[in-house]
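Asks: Quick one: the structure is below, questions incoming.
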Amino acid sequence: MTTTVLVVEDESAILELISINLEFDGYRVWHACDARQALALIRDELPDVILLDWMLPDIPGVTLARQLRGEARTHDIPLIMLTAKTDERDKIEGLEAGADDYVTKPFSPKELRARIKALLRRRAPQLTDDTVHAGALRLDPATRRASVGDQPLTLGPTEFRLLHFFMTHAGRVFSRAQLLDQVWGDHVFVEERTVDVHIRRLRRALEPTGREDTVETVRGAGYRFSLPTVPRRPP
């Protein structure tokens, strides 16, 4: 699944510079020149990361950041503030408004890309191409391959994304609605029971390795990925 970055920036030269570099790295880039356009885009579909300029023509970026952090749907979107303000008080205000990171202008595209990757590793590791390990289970998003030891797993695209999300959030319980938002996307409207279908498919794919029990059903709550200490040997 391609990572979407919303760039809220009214300076066309900076917007173009950011867009070219992020698209080169494989990101999907949305553009907004003010808060109104940004909110319209977010209303239709949530981006994975927001790069937000402080000085927007309609309202300050920090005001938009507070608004996004105050709403349940947008509260957890990783957000980087872009600004020419270098005073420590301004940085503190940006961070207190909800920004996860603060990049001052002028900045190098290389630094910005590195900060985005670092932020995703902290806040949304399922959106990175980093190889993930859980015991003998290995998943490589870049090559779309998963295996247990030397034994490859046969996974459909949705099961692969589901396993990736579980492995990067091991031990946590997620409801069906949360899994739909995180794996399918909040703009995709499908029945919550669809999650159950893909959970069954994922477990079947894990059966030959004896790891199907790593995807646990938590009664009344949802599902959890938990690697057993000693995996069952396959028959």
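The values are calculated or read from the model by the stated rules, or taken from the named source; none is laboratory data. Small disclaimer: the values here were computed from a predicted structure and weren't measured. Heads up, the Cβs are rebuilt from the backbone with ideal geometry, glycines too, and the neighbour counts pull from every protein chain shown.
Asks: Considering only the range 181-212, state which residues are without any contact (Cβ under 8 Å) to a residue 60 or more places away in the chain, β-branched (Val, Ile, Thr) and under 17 Å from SER226 (Cα atoms).
Replies: ILE199
Asks: If you don't mind, there's one more thing I want to ask. Within the set of pairs 6+ apart or on separate chains, which have a first residue in the range 41-69 that is touching a residue at least 24 places away in the same chain (Cβ under 8 Å), a second that is hydroxyl-bearing (Ser, Thr, Tyr), and C-beta atoms under 6 Å apart?
Replies: From residues that are touching a residue at least 24 places away in the same chain (Cβ under 8 Å), the pairs are PRO47/THR4; ASP48/THR3; ASP48/THR4; TRP54/THR83; LEU68/THR74.
Asks: Would you pick out the residues in the range 11-30 that are of a type outside the set (Phe, Trp, Tyr) and part of a helix (DSSP H, G or I)?
Replies: SER12, ALA13, ILE14, LEU15, GLU16, LEU17, ILE18, SER19, ILE20, ASN21, LEU22, GLU23
Asks: Checking the conditions here, which among ASP101, ASP48 is farther than 30 Å from GLU159 by Cα and either acidic (Asp, Glu) or surrounded by fewer than 19 Cβ atoms within 10 Å (Cβ to Cβ) (or both)?
Replies: Only one candidate qualifies: ASP101.
Asks: In addition: Residue under question is THR154, and the condition is that it be in a helix (DSSP H, G or I), farther than 13 Å from TYR223 by Cβ and polar (S, T, N, Q); does it hold?
Replies: no
A quick yes/no check of all residues on (1) more than 30 Å from ILE42 (Cβ to Cβ); (2) of a type in the set (A, V, I, L, M, F, W, C); (3) touching a strand residue (DSSP E or B) at 6+ places or on another chain (Cβ under 9 Å):
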{"position": "ASP140", "(1), (2), (3)": "yes, no, yes"}
{"position": "ASP150", "(1), (2), (3)": "yes, no, no"}
{"position": "ARG176", "(1), (2), (3)": "no, no, yes"}
{"position": "VAL190", "(1), (2), (3)": "no, yes, no"}
{"position": "HIS198", "(1), (2), (3)": "no, no, no"}
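Every residue, every condition in (1) outside the structural domain of ASP48 (by TED's automatic domain parsing); (2) assigned to a loop (DSSP other than H, G, I, E, B), yes or no:
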residue	(1), (2)
LYS85	no, yes
ARG89	no, no
GLU93	no, no
TYR102	no, no
LEU119	no, no
ARG138	yes, no
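Asks: For the subset of the range 121-136 comprising residues that are assigned to a strand (DSSP E or B) and surrounded by 14 or more Cβ atoms within 10 Å (Cβ to Cβ), which member is modelled with the lowest pLDDT?
Replies: Only one residue fits best here, namely ALA134.
Asks: Let me ask another. What is the residue count in the range 103-130 for residues that are over 17 Å from LEU82 (Cα atoms) and charged (D, E, K, R)?
Replies: The number of residues fulfilling the criteria is 5.
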